[in-house]
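Colleague: Pasting a structure here, questions to come.
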Amino acid sequence: MNYEELYPSLISDEKSVKESLASLQKLYKGIVRETESGDLKNLSRDLETLANAASSLSAVIENLRRSVDGFDTRAYFESGDFAAQMLEICGEKGIDVKGDFPVYEMFPYRVRLDVENQDVYLDKKRISCARPSSFVSTVKTGQEKLKKASFNAQNFAGELAEAYDLEILKNGRKKGTDVYLTALYKLMTPMSRSRRDYDLQSFSFDIARLYGEFITGMTETKNGRTFDFGPTRIGKKSIRILDANGKEQYLATIRFL
């Protein structure tokens, strides 16, 4: 199944609906004038034309209804056709995808296909969408908007440093010790409500932007503390990011001096 095969017929019928509505609106204005002036001869004629136009519109609407009802959206999702087409379009648009059906990561978004209700979740936002190309465009637009959003790397590094100091103090460790980024995230979002507002994916995106600044030479916080990321490693406590070149990286720890 492919929504794009249904799309042209829907567009064609929707164009007919638009034209019919324009014709009905024109007839309505004429009827109003004729009623006002008492022109019963033309009023009778236009009422007959209006009835025929309304009947034609009803037929087009019924055709649209049959087309929509005839598309098995549930089978589209259950068969994996929606997912396959979505991934193909992501490849065409250069969107990095990680994961397997029905859950994917399109950094920094988490995407989940809800087969039961034929919805798509972008993080926690439910999107009713049976057109893969439309959904992928939403992802692409969102990613570009996030990349353009203002970000103060030094302020974020300072917040990380404060969480780092708290983690070091809590566990009686020496400064300069590598600390898991995920541990800092938990300290920076102590309440479940704060984690809803600033989830791990959002944190990962900020880490990616900080890492981008780090690679280009920013190695100090605003108050002069140096920092460095620990060795890249893939594991449950690692954070997957995409660097400035769109390459996959795994960051696990950070240390401040």
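Colleague: Only one of (1) touching a residue at least 24 places away in the same chain (Cβ under 8 Å); (2) of a type in the set (D, E, K, R); (3) touching a helix residue (DSSP H, G or I) at 6+ places or on another chain (Cβ under 9 Å) is not met by residue 178, so which one is it?
Modeller: The failed condition is (3).
Colleague: Of everything in the stretch 121-172, what is closer than 29 Å to residue 7 by Cβ, touching a strand residue (DSSP E or B) at 6+ places or on another chain (Cβ under 6 Å) and part of a helix (DSSP H, G or I)? Give them in sequence order.
Modeller: 135, 139
Colleague: So, in the stretch 126-148, how many residues would count as being open to solvent by 50 Å² or more (accessible area, probe 1.4 Å), more than 12 Å from the chain's Cα centre (by Cα) and at pLDDT 95 or above?
Modeller: 1
Colleague: If you don't mind, another one. Taking helices (runs of 4 or more DSSP H) that do not extend beyond the stretch 9-103, which have at least 1 residues that are exposed (fewer than 11 other Cβ atoms within 10 Å of the Cβ) and free of Cβ contacts under 8 Å to residues at least 40 places away in the same chain?
Modeller: Per the criteria, 40-69, 81-92.
Colleague: Now for a separate question. Given the conditions (1) within 25 Å of the chain's Cα centre (by Cα); (2) surrounded by 11 or more Cβ atoms within 10 Å (Cβ to Cβ); (3) farther than 12 Å from residue 160 by Cα, and given that residue 182 satisfies all but one, which numbered condition is not satisfied?
Modeller: (3)
Colleague: Report yes if residue 249 is touching a strand residue (DSSP E or B) at 6+ places or on another chain (Cβ under 9 Å), among the polar types (S, T, N, Q) and in a helix (DSSP H, G or I), otherwise no.
Modeller: So residue 249 does not fit the description; no.
Residues checked against (1) of a type in the set (Phe, Trp, Tyr); (2) out of contact with any Ser or Thr (no Cβ under 6 Å at 6 or more places or on another chain); (3) open to solvent by less than 20 Å² (accessible area, probe 1.4 Å):
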| residue | (1), (2), (3) |
| --- | --- |
| 161 | no, no, yes |
| 174 | no, yes, no |
| 186 | no, yes, no |
| 190 | no, yes, no |
| 198 | yes, no, no |
| 208 | no, yes, yes |
| 211 | yes, yes, no |
| 217 | no, yes, no |
| 220 | no, no, no |
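Colleague: Inside the stretch 241-257, can you point out the residues that are surrounded by fewer than 16 Cβ atoms within 10 Å (Cβ to Cβ) and either under 29 Å from the mean Cα position of the chain (by Cα) or modelled with pLDDT of 95 or more (or both)?
Modeller: Listed by number, the residues that qualify are 243, 244, 245, 246, 247, 248, 250.
Colleague: Moving on to the next point. Filter the stretch 222-232 down to residues that are touching a residue at least 40 places away in the same chain (Cβ under 8 Å) and exposed (fewer than 14 other Cβ atoms within 10 Å of the Cβ) and give me whichever is farthest from the chain's Cα centre (by Cα).
Modeller: Filtering the stretch 222-232 for residues that are touching a residue at least 40 places away in the same chain (Cβ under 8 Å) and exposed (fewer than 14 other Cβ atoms within 10 Å of the Cβ), the one farthest from the chain's Cα centre (by Cα) comes out as 223.
Colleague: So in the stretch 173-197, with the set limited to residues that are assigned to a loop (DSSP other than H, G, I, E, B) and of a type outside the set (D, E, K, R), which one is farthest from residue 255 (Cα to Cα)?
Modeller: 191
Colleague: Here is a further query. Kindly indicate whether residue 153 is out of contact with any Asp or Glu (no Cβ under 8 Å at 6 or more places or on another chain), over 23 Å from residue 76 (Cβ atoms), surrounded by 15 or more Cβ atoms within 10 Å (Cβ to Cβ) and not acidic (Asp, Glu).
Modeller: For residue 153, the condition - out of contact with any Asp or Glu (no Cβ under 8 Å at 6 or more places or on another chain), over 23 Å from residue 76 (Cβ atoms), surrounded by 15 or more Cβ atoms within 10 Å (Cβ to Cβ) and not acidic (Asp, Glu) - is not met.
Colleague: Please tell me if residue 168 is among the aliphatic types (A, V, I, L, M) and open to solvent by 80 Å² or more (accessible area, probe 1.4 Å).
Modeller: Considered against the rule, which asks whether it is among the aliphatic types (A, V, I, L, M) and open to solvent by 80 Å² or more (accessible area, probe 1.4 Å), residue 168 comes out as no.
The values are calculated or read from the model by the stated rules, or taken from the named source; none is laboratory data. The model shown is predicted, which means the values in this text are computed figures rather than measured ones. Note: ideal-geometry Cβ built from the backbone for every residue, glycine included; neighbour counts use all protein chains shown. The protein model used for the area step is the full one, side chains on, heavy atoms only, and it has no ligands, DNA or RNA in it. Shrake-Rupley method; radii C 1.70, N 1.55, O 1.52, S 1.80 Å.
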